[in-house]
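Single-structure report; data block below.
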Amino acid sequence: MNNDQLAVAAREAAEGSYSPYSHFRVGAVVVSADGEIFTGANIENASYPVSSCAESTAINTAVSRGVRKIVCIAVACIDADNVEGAYPCGRCRQEMAEFGVEKVIVTAGDGSVVREHTLEELLPHQFNL
Ligand code: THU
């Protein structure tokens, strides 16, 4: 899948969002080192901190299927008119670091690809054990 196709898949994944509190539907697609695709959406909870971000849902789905190396992740939000793009939160960036994400594809509210970043750009000086 190229970046545009991943952006479309991330938007489709956002349709599965459970976000009755923020009404901010986010979707993510991860590509494993073997080329497998896994998707996820944000899942909120009445106890707000219990919520899961879309990136986290997608990463956890991939990892629970045995994936240990993720090459790429694309993120989309289908509710905001965000021309700057739907950037992953700090917690999700740390989760990406755990599984070796190299490339992060950020998309805008209209579905276009805003930018491709390295994870190193989004999370410099990563914490690791
Ligand atoms: N959200 C994500 O799914 N990914 C991010 O990187 C940032 C925020 C979700 C969490 C919450 O359900 C909603 O967006 C509003 O913060």
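The values are calculated or read from the model by the stated rules, or taken from the named source; none is laboratory data. Not measured: the values here are computed from a predicted model. Glycine gets a Cβ as well: all are built from the backbone with ideal geometry, and neighbour counts include every protein chain shown. The protein model used for the area step is the full one, side chains on, heavy atoms only, and it has no ligands, DNA or RNA in it. Shrake-Rupley method; radii C 1.70, N 1.55, O 1.52, S 1.80 Å.
Taking each residue as 0.36 nm, the span from residue 64 to residue 51 lengthens on full extension beyond its C-alpha to C-alpha distance by 2.8 nm. Normalised by the number of residues in region 3-122, the average gap of Cα pairs under 8 Å and 6 or more apart makes the relative contact order 25 percent. Counting only Cβ charges, +1 for Lys and Arg and -1 for Asp and Glu, the dipole size of the chain around its Cα centre is about 320 debye.
Would you mind estimating how fast the chain diffuses translationally, via Stokes-Einstein at 4 °C and 1.567 mPa s with the Kirkwood radius over Cα pairs, in µm²/s? Rounded, D is 91 µm²/s.
Counting protein heavy atoms only, region 3-122 has 49 percent of its accessible area on carbon and sulfur, 1.4 angstrom probe. Estimated from helices alone, the mean residue ellipticity of the chain at 222 nm is -8000 deg cm²/dmol (sum of -39500 (n - 2.57) over DSSP H runs with n ≥ 4, per residue). For the chain, the solvent-accessible area of protein heavy atoms averages 53 Å² per residue (probe radius 1.4 Å; ligands and nucleic acids excluded).
With q set to 0.19 Å⁻¹, the log10 of I(q)/I(0) for region 58-126, from the Debye formula over equal scatterers at the Cα positions, is -0.74.
Ordering of 58-70, 26-38 by packing is 26-38, 58-70, highest average first (other Cβ atoms within 10 Å, averaged per residue). With a Förster radius of 25 Å applied to the beta-carbon distance between residue 3 and residue 120, the computed FRET efficiency rounds to 0.85.
When each of the peptides 3-10, 97-104 is scored by how many other beta carbons lie within 10 Å of its residues on average, the order from highest to lowest is 3-10, 97-104.
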